[in-house]
Amino acid sequence: MPDTSQAPDIHTLTGWTDWKWQMKNRIRTENELRNWIEPNPGEIEGIRQTKNFFRWRITPYYASLMDPTDPDCPIRRQVVPHVDEMEDDMDILELDPLEEQAHSPVRNLIHNYRDRVAFCVTTECAVYCRYCLRKRMVGDGTQAMNKEELQEAIDYLAEHTEVRDVLLTGGDPLSLSDDNLEWIITRLRAIPHIDIIRIGTRYPVLNPFRITERLCRILSENHPVWVNTHFNHARELTGDAYDALDRLSRAGVPLGNQTVLLKGINDDIESLRELFHTLITFRVRPYYLYQAQLIGGTRHFRTSIEHGMELMDQLRGHLSGFAIPLYVLDTPHGKIPLTPSGYKGRDGDFVTVRAFGGESWREYNPE
Ligand SMILES: *Cc1c(COP(=O)(O)O)cnc(C)c1O
């Protein structure tokens, strides 16, 4: 065991920049966590009490971003179990609020919209985010797909000519080996009506070394491939993350980002402004800001929808337009925008609108 009074010097660790080393050396015990931070009583109890509900793993890379002494650190709060998780109604932990299972014609293929599907190709992730939407399945080996099941989903897609956009998700698709990922992507690319392949991944955030030259080559050989990543806080936008995203950009992959609005982590105007602005300096376009879902053990992360809309209202006019994502609530009926509207109503031949600074404007606009 290294000296527990101080975080290891990451520069002396061989293997640090090897993504598989990061996976193999993931933190999974209180003692291992003590190499990085001084866990507080809520975290120590959390590690003990959540054991049977939801697994935890943290890559050393992501742990190195944690503030060792501040339990409110936005990195720590996303991934270190906390006893607050037990104060929610644990009976709803198995809940599937988006009714994804009911929308799955074959296992782990969610066909909710007509022209596009979400395809959960693995249940593994680099790190298990405490607010995960798919807690019901992630990290559960019994829910993993074998090759025959993957093939069944691919056959379904080949038959359904209305599908033109396939989102690979999970778990995290980049948990698969390059060979397995290439197997899936080339089979999808061989289906003529599938135009767009998308990957939703948190590896650039949690283990950026996963974005290897070989992976970038596989993606660039199967374009158009779009990648949406998942940064929640500007502190996650490190030099290593930049390099990973830069490799993807250079491989011709358009990059978007999906953020979850999380109480005490990013639900204030300064955190969101810094996150979204830094993302565009990394050439990543903020795409969605999600209202946190009703998942067991996540009550302490949820904000009111009105608070989220108020934050969106305050972003408008203070950030480059393309740095502002769409705030959405995901439901069994699809994603629903929660946009504060500039439109205030009609008065005869005039429409009244409101500017970001609060000024009203009357636009001549006969019906
Ligand atoms: C989010 C989602 C998609 C993709 O939706 P976009 O709004 O096009 O990004 C597709 N299928 C399911 C089931 C989804 O949840």
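Dipole magnitude for the chain: computed about the Cα centre from +1 point charges on Lys and Arg Cβ and -1 point charges on Asp and Glu Cβ, it is near 620 debye.
List the relative contact order of segment 285-337 as a percent without decimals, with contacts defined as Cα pairs under 8 Å and 6+ residues apart.
The value is 49 percent.
Other residues within the sphere of radius under 15 Å centred on the Cβ of Phe322, judged by their own Cβ, net out at +4 (K and R +1, D and E -1). Normalised radius of gyration (Cα atoms, divided by 2.2 N^0.38 Å) for segment 8-113: 1.33.
Entry note, segment 91-364: relative contact order of 15 percent, from Cα contacts under 8 Å with a spacing of 6+ residues. Pair-distance distribution of the chain: all C-alpha pairs, bin width 20 Å, starting at 0; shares per bin in whole percent are 27, 57, 15, 1.
Extension gain, Phe53 to Ser220, is 56.2 nm, computed as 0.36 nm per intervening residue step minus the present C-alpha separation. Distant-in-sequence amide contacts of Ile58, defined by a placed amide H-H separation under 5 Å and a gap of 5 or more residues or a different chain, comprise Ile27.
Per-residue surface analysis assigns Met145 an accessible area of about 30 Å², computed on protein heavy atoms at 1.4 Å probe radius. A simple count of charges around Ile47, restricted to other residues whose Cβ falls under 10 Å of its Cβ and scoring Lys, Arg +1 and Asp, Glu -1, yields 0. A cut-off of 5 Å between modelled amide H atoms, ignoring neighbours fewer than 5 places along the same chain, links Asn228 with Ile199, Gly200, Thr201, Gly256.
Taking all C-alpha pairs of segment 46-192, those more than 22 Å from each other amount to 48 percent. Accessible area per residue for the chain, computed on protein heavy atoms with a 1.4 Å probe, is 45 Å².
Figure note: Arg354, Arg76, Arg134, Arg34 ranked by solvent-accessible area, largest first, 1.4 Å probe, ligands and nucleic acids not counted: Arg354, Arg34, Arg134, Arg76.
From the P(r) of segment 218-279, can you give the percent of Cα pairs sitting at distances over 16 Å?
Working: 919 of 1891 pairs.
For segment 218-279, the share of Cα pairs beyond 16 Å comes to 49 percent.
Remark: for residue pairs Lys24/Lys51; Lys20/Lys263; Lys20/Lys135, the C-alpha separation exceeds 26 Å in Lys20/Lys263.
What number, rounded to the nearest 500 deg cm²/dmol, is the helix-based mean residue ellipticity at 222 nm of the chain, given -39500 (n - 2.57) per DSSP H run of at least four residues and division by all its residues?
Dividing the helical sum by the residues of the chain leaves -7500 deg cm²/dmol.
The values are calculated or read from the model by the stated rules, or taken from the named source; none is laboratory data. No experiment lies behind these values; they were computed from the predicted model shown. Because the Cβ atoms are built from the backbone with ideal geometry, glycine has one as well, and the counts that use them run over all protein chains shown. In case anyone asks, the SASA skips ligands and DNA or RNA and just uses the protein heavy atoms, side chains included. Shrake-Rupley method; radii C 1.70, N 1.55, O 1.52, S 1.80 Å.
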